[in-house]
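A.B. asks: Here it is: the structure, laid out below.
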Amino acid sequence: YENAGHFLKNIALIDRMRQRKRGDAAALLQSIQELTLQARTEDFLRELQNKDHRARRLCFYLGLGMQGPGRTEIIKAGLSNTDQVVRQIALVSSAQFGKEEFLLILEEALNDPLPFNRKEALRLLINQYPEQLTERLKTAALDRSATVRNFARYHLKAGDPGFDFAQLYRYRLRENDPKTPTFATAGLAETGQFNDFSIVELFLKNSNDQ
């Protein structure tokens, strides 16, 4: 285990050697990579904080090859990692958890700074727990990302072809919630009618005045 942790510290260097495809070292490098799977969970968790993003990602990929509680701990650590790629893979990998825990993870992912992860959380809900979906899609229709808003509207429309998105945005603007005007205004501009322009213009003017 101690040797495995030592090699794990140098996983980025080992991978660069592998990419150079040196024939005389191929078998040795393969053995080293297999040895890293015997590292302790804490070795993987330590390397997930490595400043080298390549090393972080390689360690996470290798950690997913573990079995039992160690793999679960690594996935959970990946969900809060500062590396966006690690968080993406951890989110998809967390589908192995039970429903209650998985839904809590998705709730957190719906507020992830990265639009891809917010969209991915919605996709996972659609595929696995559609009964949990409608209200979350309505909230996502107010997302700060146009990509996430479009994704949410597409799936709301699939479940209810007559859904009036412009009315949803008008309603949220009338609520005067300070958290939603900017994104509700953007949504109304994307889905509203010509008569809604005056509402959009008013909120844009108020935003500029502030």
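A.B. asks: Order 51, 119 by their accessible area, 1.4 angstrom probe, all chains in place, largest first.
C.D. replies: Output order, biggest surface exposure first: 51, 119.
A.B. asks: In what order, largest first, do 169, 154 sit by accessible area if the probe radius is 1.4 Å?
C.D. replies: 154, 169
A.B. asks: Grab the other residues whose beta carbon is less than 9 angstrom from that of residue 112, score K and R as +1, D and E as -1, and report the net.
C.D. replies: 0
A.B. asks: Follow-up. Quick check: residue separation of residue 128 and residue 157 times 0.36 nm, minus the Cα distance between them. What number comes out in nm?
C.D. replies: Residue separation times 0.36 nm, minus the Cα-Cα distance, leaves 8.6 nm.
A.B. asks: Report the FRET efficiency, 1/(1 + (r/R0)^6), for residue 46 and residue 67, where r is their Cβ-Cβ distance and R0 is 22 Å, rounded to 0.05.
C.D. replies: 0.65
A.B. asks: Moving to a separate point now. Tell me the label-point distance for the pair residue 100, residue 175, using the 7 Å Cα-to-Cβ offset, in nm and rounded to one decimal.
C.D. replies: According to this spin-label approximation, the distance is 2.9 nm.
A.B. asks: For a quick protection proxy, order the peptides 159-165, 122-128 by their average other-Cβ count within 10 Å, most packed first.
C.D. replies: Packing proxy ranking, top to bottom: 122-128, 159-165.
A.B. asks: Let me ask something else about it. For the pair residue 139/residue 111, report the inter-label distance in nm, with labels modelled 7 Å from Cα in the Cβ direction.
C.D. replies: 0.8 nm
A.B. asks: Give me the accessible area of residue 131, 1.4 Å probe, in Å² rounded to the nearest 10.
C.D. replies: Using a 1.4 Å probe on the heavy atoms, I get roughly 120 Å².
A.B. asks: Something else: So how far, in whole Å, is the C-alpha centre of region 104-128 from the one of region 57-94?
C.D. replies: A separation of 16 Å, based on Cα centres.
A.B. asks: Over 27 Å between Cα atoms: which of 76/157; 119/157; 51/138 fall into that group?
C.D. replies: Listed pairs above 27 Å: 76/157; 51/138.
The values are calculated or read from the model by the stated rules, or taken from the named source; none is laboratory data. The model shown is predicted, which means the values in this text are computed figures rather than measured ones. With ideal geometry, Cβ positions are generated from the backbone for all residues, glycine too; neighbour counts draw on all protein chains shown. Surface areas here come from the heavy atoms of the whole protein model, side chains and all, with no ligands, DNA or RNA. Shrake-Rupley method; radii C 1.70, N 1.55, O 1.52, S 1.80 Å.
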